[in-house]
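Presented below is the structure to which this report refers.
The values are calculated or read from the model by the stated rules, or taken from the named source; none is laboratory data. Everything numeric in this text was worked out from a predicted model, so none of it was measured. Reconstructed Cβ throughout: ideal geometry from the backbone, glycine too, with neighbour counts over all protein chains shown.
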Amino acid sequence: MKIGILTSGGDCPGLNAVIRGFCKFVLNQMDDVELIGIIDGYYGLINNETRILKKEDLSGILNVGGTILGTSRQPFSLMKDEDRNGVSKLDKMKETYYKLNLDCLVTLGGAGTHKTAGLLSAEGLNVVGIPKTIDNDISGTDVTFGFHSAVDIATECIDRIHTTAASHGRTMFVELMGNKVGWLTLFAGIAGGADVILLPEFPYDPSSVAKSVRKRAEEGHAFNIIAIAEGAMSKSESKLKKSERIAYRGGEISSTKALATYIEKNCGVETRIVVPGHLQRGGNPSAYDRILSSEMGSFAGRLVLEKKYGTTVAIKDNKITFNKLKDVAGTLKYIKEDNQMVNIARGLGIDIGDGKKFRLK
Ligand code: F6P
């Protein structure tokens, strides 16, 4: 059996652990298997850039961040665009797949990667996906690998900000990644004891945030920790299109600066903004992610052996399972209003940007 494997989109801790888990599993199950590592994600499939993966390549990578195969972003929206010879990236990927004589392709990636995997599957290729991302936004799975490592890193950032915020009596904004969803900010915000957590799914009211800051001052707290997702937006910003929002913020991608300025003016506090950025994607996977990655990688190996193609690995209610690519590719998993962790945050008195409290009915 000849299997291609690639890692695509933004990297995260756990990619190498999944590569290792998948490859070790199939090598231990089958005598005649060839593993083809595809370089830099779909770029390598488009341009036929590959390397053979041997058993030796799998040693010493379980705890190493990044990906030994490299990765790149190849927008789904451009996959069908034709070059001047009338050939699209999709055509080229199919050509490489057949030229390499692959029996199947395993794709480790996030929402965009899954969309392309779904497209390749619809075009007749045998594809198995594995859900990766620090954003935790892939539909049909409770968790993606990489997410909990990022939560650990983001929590440590908040912990470190806590002490300096307290020393100086400042209101500190910690802006966390997550693209269009707030999972990372919600989890790290709770773990780090943030006073306010602002998420893209719940557009905030700046006056509610100001009220929370003033209330803490009345209760004798001179400092505040505001965990804000990079995709968070105020109620008025949420009515605008993305380009209009950026113009409204004076060219800023996130709303953090505008909110910090508002809070300084309206609460008379000193603010600082901290953006941990790609630190959240770097470094070693946590123990949890090493286990999850080994589990997901091995399970993908099982799907391949059982020829359950057109699928992607998932965890539902703590059990490993799979979804059909066509059912989940192209839809994002957003935080819903009745999410348990949102209720927990509200129940702890954390302001989610609207001052709502959680009370048992
Ligand atoms: O999808 C992972 C992610 O880290 C997002 O949280 C973030 O918005 C984006 O990737 C950053 O992308 P890049 O690494 O291309 O700057």
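With respect to GLU123, is the statement that it is of a type in the set (Asp, Glu) and within 12 Å of the ligand (Cβ to nearest atom) true?
Against the criterion (of a type in the set (Asp, Glu) and within 12 Å of the ligand (Cβ to nearest atom)), GLU123 does not qualify.
Which condition breaks for GLY283 when tested against (1) under 27 Å from ASP142 (Cα atoms); (2) part of a helix (DSSP H, G or I)?
Failed condition: (2).
Got at least one residue in the range 38-48 being within 17 Å of the chain's Cα centre (by Cα) and buried (at least 21 other Cβ atoms within 10 Å of the Cβ)?
yes
Among the numbered criteria (1) modelled with pLDDT of 95 or more; (2) away from the ligand (no atom under 16 Å from the Cβ); (3) of a type outside the set (Phe, Trp, Tyr), which single criterion is violated by VAL275?
If we test VAL275 against (1) modelled with pLDDT of 95 or more; (2) away from the ligand (no atom under 16 Å from the Cβ); (3) of a type outside the set (Phe, Trp, Tyr), just (2) comes out false.
Looking only at the range 217-253, count how many residues are within 16 Å of the ligand (Cβ to nearest atom), out of contact with any helix residue (DSSP H, G or I) (no Cβ under 8 Å at 6 or more places or on another chain) and either among the aliphatic types (A, V, I, L, M) or not assigned by TED's automatic domain parsing to the domain that holds ALA194 (or both).
Residues meeting the conditions: 1.
Under the condition of being surrounded by fewer than 24 Cβ atoms within 10 Å (Cβ to Cβ) and more than 15 Å from the chain's Cα centre (by Cα), which residue from the range 176-201 is nearest to VAL275 (Cα to Cα)?
Step by step, filter the range 176-201, then rank; the result is GLY192.
Quick test of your reading of the structure: GLY112 fulfils all but one of (1) over 27 Å from ILE228 (Cβ atoms); (2) touching a residue at least 60 places away in the same chain (Cβ under 8 Å). Name the failing condition by number.
Here GLY112 meets the rest and fails (1).
More than 25 Å from GLU306 (Cβ to Cβ) and surrounded by 16 or more Cβ atoms within 10 Å (Cβ to Cβ): which single residue out of THR113, THR71 fits that description?
It is THR71.
What are the residues in the range 1-25 that are over 30 Å from GLN280 (Cα atoms) and buried (at least 22 other Cβ atoms within 10 Å of the Cβ), if any?
If the condition is that a residue be over 30 Å from GLN280 (Cα atoms) and buried (at least 22 other Cβ atoms within 10 Å of the Cβ), then ILE3 is the only one that fits.
Return only the number of the condition from (1) in contact with a strand residue (DSSP E or B) (Cβ under 7 Å, 6 or more places away or on another chain); (2) over 18 Å from ASN343 (Cβ atoms) that LEU198 does not satisfy.
So the condition that LEU198 fails would be (2).
For every residue, the table says whether it meets (1) small (Gly, Ala, Ser); (2) over 17 Å from LEU119 (Cβ atoms).
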| site | (1), (2) |
| --- | --- |
| LYS326 | no, no |
| GLY330 | yes, no |
| GLU337 | no, yes |
| ASN343 | no, yes |
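Considering the range 260-280 alone, what residues qualify as being without any contact (Cβ under 8 Å) to a residue 40 or more places away in the chain, assigned to a helix (DSSP H, G or I) and either buried (at least 17 other Cβ atoms within 10 Å of the Cβ) or at positive phi (or both)?
Answer for the range 260-280, where residues must be without any contact (Cβ under 8 Å) to a residue 40 or more places away in the chain, assigned to a helix (DSSP H, G or I) and either buried (at least 17 other Cβ atoms within 10 Å of the Cβ) or at positive phi (or both): there is none.
Just checking, which of ALA117, ALA111 is away from the ligand (no atom under 15 Å from the Cβ), in the same structural domain as LEU62 (by TED's automatic domain parsing), within 20 Å of LEU332 (Cβ to Cβ) and small (Gly, Ala, Ser)?
ALA117
Can you tell me how many residues in the range 1-57 are free of Cβ contacts under 8 Å to residues at least 60 places away in the same chain and within 16 Å of the ligand (Cβ to nearest atom)?
So the answer is 2.
Need a quick list: helices (runs of 4 or more DSSP H) entirely within the range 286-354 having at least 2 residues that are among the hydrophobic types (A, V, I, L, M, F, W, C) and under 30 Å from LYS235 (Cβ atoms).
Result: 340-347.
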